[in-house]
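Inspection log for the structure reproduced underneath, given as structure tokens.
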Amino acid sequence: MRDMIRWGVLGAARIADNFVVPAIQRSNNGRVVCVAARDGARAAAFAAKHRIPAMCASYDEVIASQGIDAVYIPLPTASHFEWCRKALLAGKHVLCEKPIAMEAAQVRELIALRDATGLVCGEAFMVAHHPQWAFVRDRIADGTLGNLELVEGSFTYFNDDPHALKNDLALGGGGVRDIGVYPVVTTRIATGLEPLSVRADVTLDPRYGTDKLAVCSLEFPGFRLNFYCGTQLARRQHMVFHGSSGWLALDTPFNPGVYSDAKISLRSDASGKVETFEFNEFDQYRLMVENFGSVLMGRSESIAFPLENSLGNQLVIDQILSHAK
């Protein structure tokens, strides 16, 4: 059994450069040993910055390498399914950026391929590993909020650059796939429930064909989730869980340390006061890659966010995008 997982990386995307690759290099059970990018100069600069010992000439060369155990895929969304499939067929474990596919049928195919190969394949939802979400889940479960009645959320940023990958429809761009996934997945993680129905008002940018604003309402058993996401709005993110006898609000539910500090405000009618809880010492990206590595090393039974959970989220995203106009 290896004491260190050897990672290969497909692409030098911003998420890889700023967050995931540094997290792998800081982790206690993994190191990136090779990378490939769209051109050699880009790969060389990336490798030098992150002290990666080898570069490959192509993505195919990475997944064919006998010197790696797992592949991290930060490519544009429309390429995720293709390269997940190729990597699994090449005998490599896979951690892929969200969303892992363009539609639910592709996630089902990855589940079947994972099961057939016996390999580990997961979607890189770092929020599933952050302790602030375990805190939310526990406060809902222990009745601190009473009966959960309403969840509200938002995730927005401004980017109308015509050259941005996130504004390229052919590459899987658009706000719902990029950031709308987060209010959905965190509500599902916190409650353990799936929506019964999905309604959405989705506005497309006429220049790019991508969704620039989605206002969504999901009916869950016993409560409703209302949220919006947008790619041409001032930056904002928040989540509020409101129950019959208390509420809690997350200041930075999705990317602590980037947008703001990880802080939860909790008020219960029993106490009559607002308490504040901080979670700033945690690195959700490192926790994610260490969880993945621990499964490969036989120290954990399963990854925290399996493909079955990815399928549940993708089914919701597919329904939201079906309302695009």
Report task. Only residues that are surrounded by fewer than 23 Cβ atoms within 10 Å (Cβ to Cβ) and acidic (Asp, Glu): list them for the stretch 205-250, please. Result -> 205, 219
Report summary line: The residue that is farthest from the chain's Cα centre (by Cα), considering only those in the stretch 251-276 that are loosely packed, with under 15 Cβ neighbours inside 10 Å and either among the hydrophobic types (A, V, I, L, M, F, W, C) or not in a loop (DSSP other than H, G, I, E, B) (or both), is 270
Query - Of all residues making up the stretch 206-231, the number that are under 23 Å from residue 163 (Cβ atoms) and out of contact with any strand residue (DSSP E or B) (no Cβ under 6 Å at 6 or more places or on another chain) - result: 5
Query raised in the report: Quick check: is even one residue across the stretch 57-73 hydrophobic (A, V, I, L, M, F, W, C), in the same structural domain as residue 31 (by TED's automatic domain parsing) and touching an Asp or Glu at 6+ places or on another chain (Cβ under 8 Å)?
Result: yes
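Given the options 287, 307, 266, 250, name the one that is of a type in the set (A, V, I, L, M, F, W, C), touching a residue at least 24 places away in the same chain (Cβ under 8 Å) and in contact with an Asp or Glu (Cβ under 6 Å, 6 or more places away or on another chain). Explain how you work it out, then say what you get.
Numbers: 287 fails: in contact with an Asp or Glu (Cβ under 6 Å, 6 or more places away or on another chain); 307 fails: in contact with an Asp or Glu (Cβ under 6 Å, 6 or more places away or on another chain); 250 fails: in contact with an Asp or Glu (Cβ under 6 Å, 6 or more places away or on another chain).
Unique residue meeting the criteria: 266.
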Query raised in the report: Just to be sure, is residue 214 farther than 27 Å from residue 311 by Cα, part of a strand (DSSP E or B) and in contact (Cβ under 8 Å) with a residue 40 or more places away in the chain?
Result: no
**Report entry** Residues satisfying the stated conditions in the stretch 232-256, i.e. out of contact with any Ser or Thr (no Cβ under 7 Å at 6 or more places or on another chain) and more than 21 Å from residue 166 (Cβ to Cβ)
**Finding:** 240, 241, 242, 243, 244, 247, 250, 256
Requested in this report: Could you grab the pairs with beta carbons closer than 7 Å, sequence gap of 6+ or different chains, first residue in the stretch 223-244 and without any contact (Cβ under 8 Å) to a residue 24 or more places away in the chain and polar (S, T, N, Q), second one in a strand (DSSP E or B) and surrounded by 16 or more Cβ atoms within 10 Å (Cβ to Cβ)?
Outcome: none
Query raised in the report: Just checking, how many residues over the stretch 149-159 are surrounded by fewer than 22 Cβ atoms within 10 Å (Cβ to Cβ) and closer than 16 Å to residue 222 by Cα?
Result: 3
Query - Qualifying positions in the stretch 112-130 - out of contact with any helix residue (DSSP H, G or I) (no Cβ under 9 Å at 6 or more places or on another chain) and outside any loop (DSSP other than H, G, I, E, B) - result: 112, 115
Query raised in the report: Does any residue of the stretch 44-62 turn out to be within 19 Å of residue 119 (Cβ to Cβ), aliphatic (A, V, I, L, M) and touching a residue at least 40 places away in the same chain (Cβ under 8 Å)?
Result: yes
Requested in this report: Mind counting the residues in the stretch 289-315 that are in a helix (DSSP H, G or I) and more than 16 Å from residue 111 (Cα to Cα)?
Outcome: 8
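One line per residue, one yes/no per condition, for (1) in contact with a strand residue (DSSP E or B) (Cβ under 7 Å, 6 or more places away or on another chain); (2) within 28 Å of residue 149 (Cβ to Cβ):
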| residue | (1), (2) |
| --- | --- |
| 247 | yes, yes |
| 256 | no, yes |
| 266 | yes, yes |
| 272 | no, yes |
| 285 | no, no |
| 291 | no, no |
| 294 | no, no |
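The values are calculated or read from the model by the stated rules, or taken from the named source; none is laboratory data. Please read these numbers as outputs of a predicted model, since none were measured by experiment. All Cβ positions, even for glycine, are placed from backbone atoms using ideal geometry, and neighbour counts span all protein chains on display.
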